[in-house]
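Following: one structure in structure tokens, then a few remarks.
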Amino acid sequence: MPVQGGVGIKNSIDILAPMFEDGSSEAPRLVHRLDRDCSGVLVLGRTQLSTSIMHAIFREKTADALGDGTQQVLQRKYVALVIGRPRHPKGLLSAPLAKVVLQDGRSERLTVCAGPNTASVQDALTEYRVIESCPQGYTWLELFPRTGRKHQLRVHCAEVLGTPIVGDYKYGRQAHQNWTPLPMPQTINEEMLKKRKLPFGLALGGGSVAEQQPQLHLHCKQMILPDISAAMQQLQSSDADHNFSDLEKLSFVAPLPLHMQLSWRILMSIGK
């Protein structure tokens, strides 16, 4: 499901947010976005004030990263399955991104841009670490975006590391042209293979590396934020210095979606 509405989109998190009012007079508001095919932690604000605070925290994170490389207030951790293997087991990717219009004149994508002449160039920083390298030619990565640019992780994986994310047909189309599904081990629990229909036309199940057309294997696994309630109290206090980095941290963790859990089991069982 898309996070935000748009042309031709009937349902989105933004449109359905009033369902989660929970007795409040305000509908939750989006603080950040996830790509439609990306799973994981998604943060919304209950009130206008909490949303404004979190917007400021997200902006401050990017400013801090570009200023001195610190990660003080907000931390995010993604898990991805990529095609290929990075040269180094860990590193920091610093590659600015720019928007380009494709030949059809309607579609656009982000790409790494070395020159500073393009007006739309944005600095982008991503830290990465290899979790597991598989003999079939795939690698599990942990990704820590220090800046929050659109499609940043997908472009950095595909164009900088040279390892596009499994299921990313926008930035890894060529790598998927000769895609061959992996065999399904007999030890896999049949419950994981069942496809289920969900409300709003959604479906659950399928999309692993055993499928002809795998889903995007990119998941926002963890997000660490300061205690927003305490931040609101701090703002309402006239003598507060508004230093959110001193507040207690809240950690939100989302389990891997079924298709990524299944891919993990398939790759681990074949390697044995």
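Please report the accessible area of residue 224 (heavy atoms, 1.4 Å probe, ligands and nucleic acids excluded) in Å², nearest 10.
Residue 224 has an accessible surface of roughly 40 Å² with all protein chains in place.
Springs between alpha-carbon pairs under 10 angstrom, Gaussian network model over the chain: which of 229, 52, 12 fluctuates most?
229
What ³J(HN,Hα) values, in whole Hz, does the Karplus curve 6.51 cos²θ - 1.76 cosθ + 1.60 give for the range 130-147 when θ = phi - 60°, with x put for Gly and Pro?
6, 8, 7, 9, 9, x, 7, x, 10, 9, 8, 10, 9, 10, 10, x, 7, 10
How much of the accessible area of the chain, probe 1.4 Å, is carbon plus sulfur, in whole percent?
49
Using a 7 Å offset from Cα along Cα-Cβ at residue 52, what residues in the range 1-40 end up with backbone N under 15 Å from the label point?
29
Mind telling me which of 213, 48, 152 comes out most flexible in a GNM of the chain, alpha-carbon contacts under 10 Å?
In the Gaussian network model the winner is 48.
Taking amide H positions as placed 1.01 Å from N in the peptide plane, with prolines and chain starts having none, which residues 5 or more places from residue 209, or on another chain, fall under 5 Å of its amide H?
263
Based on the Cβ-Cβ distance of residue 195 and residue 111, what FRET efficiency does E = 1/(1 + (r/R0)^6) give at R0 = 41 Å, to the nearest 0.05?
0.70
Per residue Cα convex hull volume for the chain, in cubic angstrom?
Details: hull volume 46.2 nm³, N = 272.
Value for the chain: 170 Å³ per residue.
Check residue 131: other-chain or 5+ apart residues with amide H under 5 Å from its amide H, H built from backbone geometry?
Excluding prolines and chain starts, which carry no amide H, the hits are 140, 141, 142.
Measuring with a 1.4 Å probe in the full set of protein chains, what accessible area per residue, in whole Å², belongs to the range 13-270?
Heavy-atom SASA per residue in the range 13-270 reads 54 Å².
If the cut-off is 26 Å between C-alpha atoms, which lysines fall inside it for residue 90, apart from same-chain ones fewer than 8 positions away?
Output for residue 90: 61, 77, 150, 170, 221, 249, 272.
Amide H of residue 218: which non-local residues (sequence gap of 5 or more, or other chain) have their own amide H closer than 5 Å, using H built in the peptide plane?
39
When the helices in the chain are scored as -39500 (n - 2.57) per DSSP H run of 4 or longer and the sum is shared across all residues, what 222 nm value do you end up with, to the nearest 500 deg cm²/dmol?
Helices in the chain give a 222 nm mean residue ellipticity of -5500 deg cm²/dmol.
Students sometimes get this wrong: rank 126, 187, 47 by accessible area, probe 1.4 Å, all chains present, largest first.
Sorted by accessible area, descending: 187, 47, 126.
Could you tell me the relative contact order of the chain? Use alpha-carbon pairs under 8 Å, at least six residues apart, and round to a whole percent.
For the chain, the relative contact order is 19 percent.
The values are calculated or read from the model by the stated rules, or taken from the named source; none is laboratory data. Note that the structure is a prediction, hence the values are computed from the model and not measured. Positions of Cβ are backbone-derived with ideal geometry, glycine not excepted, and every protein chain shown enters the neighbour counts. Note: areas computed on protein heavy atoms with side chains; ligands, DNA, RNA excluded. Shrake-Rupley method; radii C 1.70, N 1.55, O 1.52, S 1.80 Å.
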